[in-house]
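The next block holds one structure in the form of C-alpha cells; read it before the comments.
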Amino acid sequence: MSAALTTLDATHAPDTQSWVESANAPDTDFPIQNLPFGRFRHNAMEPWQIGVAIGDRVLDLHAVGLVDHNDMHRLMALPVAERRALRLALWEGLRAGSALQKVWADALLRQTEVELGLPCEVGDYTDFYTGIHHATTVGKLFRPDNPLLPNYQWVPIGYHGRASSIGASGQQFHRPRGQTLKPGASVPDFGPTARLDYELEMAAWSGMGNVLGAPVSIADAEEHIFGLTLLNDWSARDVQAWEYQPLGPFLAKNFASTVSPWLVTLEALAPFRAAFERPAADPQPLPYLDSAHNRSAGAIGVQLEVWLQTPAMRAAGSAGVRLSQSNLRDAYWTLAQLVAHHTVNGCNLRSGDVLGTGTLSGPQPEQGGSLLELTLGGKQALTLANGETRTFLQDGDTIILRGSCQREGARRIGFGDCRGTVLAAHAA
Ligand code: MN
C-alpha cells in the first residue's frame with residue numbers, strides 16, 4: 001500500500017546525529033534523515049557505482065555489502081518493504097554510536113573527489129504540465145483571451161520527450177540552432193536561438209515498472225516511484241513558438257535537460273507530505289485520479305529556487321543571484337495522479353523512466369519558473385543585483401536549481417544542486 005510511503009519511523013527522527021560530522025551541519029542537504037541514492041565513479045575509465053549521500057561524503061554501497069551489483073535500475077525496482085529495509089540498514093550504520101562506524105568509515109569518499117553521474121540510465125522521458133500558474137501565464141502570452149485550455153483541469157497534460165540528451169548536474173551544452181519566425185515575417189530564419197530559457201521542474205523516477213496492458217491504480221501509484229530529483233527543461237522559446245503546432249514541443253526542448261544527481265526517496269519525503277486540494281470551483285478529478293490517500297497526503301512540500309550566475313558574476317567571485325522561488329506543493333496534479341494517468345491506457349513504465357512535473361511557478365508574478373514568465377515573454381528585462389540585465393540567457397550563463405524540504409518537527413533535507421551552463425553556438 002502506498003500508505004507505507006507516508007509512515008514515519010525511526011529513520012525520520014529529527015534529532016538523530018551521524019558519526020559523519022558534515023551530516024550534522026544545519027544547512028547540509030544530506031543529513032542522516034535524507035539518505036538519497038546516486039551513482040559515482042573515480043574516473044571515466046571505471047564503471048558507475050551506487051552510492052548514498054551523507055553530509056559532504058558518498059557511501060559506497062557495494063563496499064559496505066548492501067548491494068552485490070552496480071545496477072541502479074535493479075535497486076530502484078525493489079518492492080517498498082525492501083526499500084524501507086535498505087533505508088533502515090543505512091540509518092543503523094550511519095547513526096552516531098553505530099558499531100559499524102569502524103568498517104563503514106573506509107567506504108566513504110568525498111563528493112568533491114568523485115564524479116557524480118546520472119542517478120541511473122534514463123529510460124523513457126515524459127514531461128507533464130502540472131504547474132497551473134505557469135500554464136495560465138504562458139497561455140496568456142499565446143492566447144490572451146483563452147489562457148487555460150478546457151482540458152487542463154481534467155487531464156494531466158504531457159508529452160513524450162527525449163531521454164538521450166538528459167545530463168547530470170554540471171551539464172554544458174552549445175546554444176542550439178534552429179528555425180524561427182521573426183515577428184511580421186512570412187519566411188523563417190535559421191540560426192542560434194535568441195530566446196534560450198530554463199524551466200524549473202522536478203522529476204519523478206520510476207522504480208518498479210508495470211506490465212504492458214496493466215494500468216497502475218492510483219492506490220498503488222506511489223509504490224512505482226522510487227524518488228525525485230530537480231529537473232531543468234532548457235527551452236528555446238523562438239524555436240518553440242514556430243514549431244509547436246500541431247504536435248507540440250520538439251527541437252525546442254530536446255537539445256539538453258539537466259537533473260540533480262541524487263534520488264531523494266519517497267521514504268525520505270514522508271515528513272513533508274501535504275493534503276492535495278482542488279479549489280471548490282474547479283472540476284474534481286475523475287475517479288481513476290482520486291483516492292482518500294491522495295487527497296489527504298498526495299502533495300509534497302518542496303521549496304524550490306532558481307539561481308543565475310553570469311560570467312561577470314563568476315569573474316567577481318559571486319555565487320549568483322536568486323531569480324525566483326516556488327513550491328512543488330502548488331502543482332495541479334500529484335505524482336500519484338501522473339503515474340495513474342500515464343498507465344491508464346495500459347502504457348508500461350519501466351525502472352529508470354523519468355516523469356517531469358512541468359514548470360513549477362508560484363501564484364505570484366515574481367514566482368515564475370522560467371524567464372518567459374519573469375520577463376513577460378521577453379518584453380521586460382530583469383535587472384540583476386550587479387546591474388546586468390537579462391531577458392533570455394546569454395552564453396556563459398549558469399543556471400542552478402535548488403530544492404529543500406522544511407517543516408517544524410522534521411530535519412531539513414535537500415536535493416543538491418542542479419547546475420547547467422550555456423556555451424556559445426557551434427559555428428555555422
Ligand atoms: Mn517543461
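The values are calculated or read from the model by the stated rules, or taken from the named source; none is laboratory data. Only a predicted model underlies this, so the values are computations on that prediction, with no experimental measurement involved. Positions of Cβ are generated from backbone atoms using ideal geometry, with glycine treated the same way; all protein chains shown enter the neighbour counts. These accessible areas exclude ligands, DNA and RNA; they are computed on the full protein's heavy atoms, side chains included. Shrake-Rupley method; radii C 1.70, N 1.55, O 1.52, S 1.80 Å.
Just report the Cα centroid separation between region 397-427 and region 305-374, whole Å.
Comparing the Cα centres of region 397-427 and region 305-374, I get a distance of 10 Å.
Would you mind telling me which residue in Leu349, Leu328, Leu86 has the biggest mean-square fluctuation in a Gaussian network model of the chain, where springs connect alpha carbons within a distance under 10 angstrom?
Leu86
Which three extents, in whole angstrom, do the alpha-carbon atoms of region 125-423 cover along their principal axes, largest first?
In descending order, the Cα extents are 49, 46, 38 Å.
Output the direction-averaged projected area (hull surface divided by four) of the convex hull of the alpha-carbon atoms of region 246-329, in nm².
If I average the Cα hull's projected area over directions, I get 10.1 nm².
Check Ser324: other-chain or 5+ apart residues with amide H under 5 Å from its amide H, H built from backbone geometry?
Val306
Decide, for region 374-420, between rounded, prolate and oblate: order the square roots of the alpha carbon gyration tensor eigenvalues as a ≥ b ≥ c, take rounded if a/c falls under 1.5, and otherwise choose prolate if a/b is larger than b/c, else oblate.
prolate
Could you order Leu323, Leu251, Leu263 so the one with the most accessible surface comes first? Probe is 1.4 Å.
Descending accessible area places them as Leu251, Leu323, Leu263.
What share of the DSSP beta bridges in the chain is antiparallel, in percent to the nearest 5?
Of all bridge pairs located within the chain, approximately 85 percent are antiparallel.
Please list, ordered by chain and number, the residues whose modelled amide H lies under 5 Å from the amide H of Tyr125; skip anything fewer than 5 residues away on the same chain.
Correct list: Gly161, Ala163, Val354.
Need the list of aspartates and glutamates near Lys253 for cross-linking: C-alpha distance under 16 angstrom, and skip anything on the same chain fewer than eight residues off.
Candidates past the 8-residue exclusion: Asp124, Asp127, Asp197, Glu199, Glu201, Asp233, Asp238, Glu243.
I need the phi-derived Karplus couplings for region 125-141: 6.51 cos²θ - 1.76 cosθ + 1.60, θ = phi - 60°, integer Hz, Gly and Pro marked x.
10, 10, 10, 8, 8, 7, x, 5, 5, 5, 4, 6, 5, 5, x, 5, 5
Considering only protein heavy atoms, what per residue accessible area in square angstrom results for region 253-348 with a 1.4 angstrom probe?
35
Where Lys and Arg each count +1 and Asp and Glu each count -1, what net charge lies around Ala25 among other residues with Cβ under 14 Å from its Cβ?
Net of charged neighbours comes to -1.
Among His133, His342, His174, which one moves the most in a GNM of the chain with springs linking Cα atoms closer than 10 Å?
Among His133, His342, His174, the largest mean-square fluctuation in the Gaussian network model of the chain belongs to His174.
In Å, the Kirkwood hydrodynamic radius of region 2-116 over pairs of distinct alpha carbons?
It works out to 14.6 Å.
Karplus couplings for region 161-167 from phi (6.51 cos²θ - 1.76 cosθ + 1.60, θ = phi - 60°), rounded to Hz, Gly and Pro as x?
Result, ordered by residue: x, 10, 7, 5, 9, 6, x Hz.
Treat every Asp and Glu Cβ in region 2-116 as -1 and every Lys and Arg Cβ as +1, leave all other atoms uncharged, and give the resulting dipole magnitude about the Cα centre to the nearest 20 debye.
That gives region 2-116 a dipole magnitude of about 240 debye.
If I ignore ligands, DNA and RNA and count only protein heavy atoms, how much of Tyr332 is accessible to a 1.4 Å probe, in Å² to the nearest 10?
In the full protein context, Tyr332 sits at about 10 Å².
Can you give me the % of accessible surface on the chain that is carbon or sulfur? Probe 1.4 Å, all protein chains present, nothing else counted.
Of all accessible area on the chain, carbon and sulfur atoms account for 54 percent.
Karplus couplings for region 310-319 from phi (6.51 cos²θ - 1.76 cosθ + 1.60, θ = phi - 60°), rounded to Hz, Gly and Pro as x?
Working through the residues one at a time gives 7, x, 5, 5, 4, 5, 8, x, 8, 6 Hz.
Skipping prolines and chain starts, which residues have an amide H placed within reach, meaning under 5 Å, of the one on Gly167, given they are 5 or more residues away or on another chain?
The list, which skips near neighbours in sequence, is Ser257, Thr258, Val259.
Evaluate the distance, in nm, between pseudo-label points positioned 7 Å from the Cα of Arg110 and of Arg143 along their respective Cα→Cβ axes.
The answer from the label model is 5.4 nm.
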